[in-house]
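Engineer: Have a look at this one.
No lab work stands behind these numbers, since they all come straight from the coordinates. The structure displayed is predicted, hence computed values, not measured ones. Every residue, glycine as well, gets a Cβ built from its backbone with ideal geometry; the counts of neighbours run over all protein chains shown.
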Amino acid sequence: MIKLVAVVVGCFLFGYWLVAVLLPNLKRESPPALPPQANPTPRPWFEILGVPSNAPLADIQAAYQQLRGQYTAEDIDRLPIGLRSAFDEKLQELDRAYHDALYHRE
């Protein structure tokens, strides 16, 4: 009976040590958080796309495709996690600018 209690207590202590000490040290360190953007007002679509505000639709589409081509999925997959979010934000900004341009051109 004493051996059984010793084994149970020993397993309990080993399990506690495993969970409390060893497992937190095995976790990957998360990348440092990026500072919040200091740009509360979004830029106009024509500044983001790099075209004049009265550009024809063909120029807007060409500028969008050229800028969008700079952020391919293969390039983004090779980046560290902290930079992926910045690239995702840039892609979202480009998409919003393109949709705003189409809305304002109609």
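Engineer: Provide the net charge surrounding LEU83, with neighbours chosen by a C-beta distance below 12 Å and charges set as Lys +1, Arg +1, Asp -1, Glu -1.
Structural biologist: -1
Engineer: Using the number of other C-beta atoms within 10 angstrom as an exposure proxy, rank THR41, THR72 with the fewest first.
Structural biologist: THR41, THR72
Engineer: Provide the net charge surrounding GLN65, with neighbours chosen by a C-beta distance below 13 Å and charges set as Lys +1, Arg +1, Asp -1, Glu -1.
Structural biologist: My count for the surroundings of GLN65 gives -1.
Engineer: While we're here: Using each residue's phi in the range 43-54, evaluate 6.51 cos²θ - 1.76 cosθ + 1.60 at θ = phi - 60° and report the 3J(HN,Hα) Karplus result to the nearest Hz, with x for Gly and Pro.
Structural biologist: For the range 43-54, the Karplus curve yields 6, x, 4, 6, 6, 5, 7, x, 10, x, 5, 9 Hz.
Engineer: What ranking do ASP88, ASP59, ASP77 get, fewest neighbouring Cβ atoms within 10 angstrom at the top?
Structural biologist: ASP77, ASP88, ASP59
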